[in-house]
Amino acid sequence: MKYVLVLVALIGVAIGVAGVVLGEADDSPGLQFLGVLLVVGAVVFGVRTVRRGR
């Protein structure tokens, strides 16, 4: 189960990075900000999941 949650966090990071890249191409600061928030949230979620499993 822990691996599924880490996989979800990795997918969230990938979608966030895509949002930042697409936001840069479209010159949209809002999309870049949402992408960064998604990346940070996914990293925090992934780290919490891994640390709680120990």
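The values are calculated or read from the model by the stated rules, or taken from the named source; none is laboratory data. On a predicted model such as this, the values are computed, not experimentally measured, just so you know. Every residue, glycine as well, gets a Cβ built from its backbone with ideal geometry; the counts of neighbours run over all protein chains shown.
Observations
- Test: residue in segment 40-47 that is without any contact (Cβ under 8 Å) to a residue 40 or more places away in the chain and either of a type in the set (Asp, Glu) or buried (at least 17 other Cβ atoms within 10 Å of the Cβ) (or both): yes
- Any pair with Cβ under 6 angstrom, 6 or more apart, that starts in segment 14-28 at a residue that is under 10 Å from Val39 (Cα atoms) and touching a residue at least 24 places away in the same chain (Cβ under 8 Å) and ends at one that is surrounded by 14 or more Cβ atoms within 10 Å (Cβ to Cβ) and aliphatic (A, V, I, L, M): Gly16/Leu38; Gly16/Val39
- Residue match in segment 5-28 (condition: modelled with pLDDT under 90 and within 12 Å of the chain's Cα centre (by Cα)): yes
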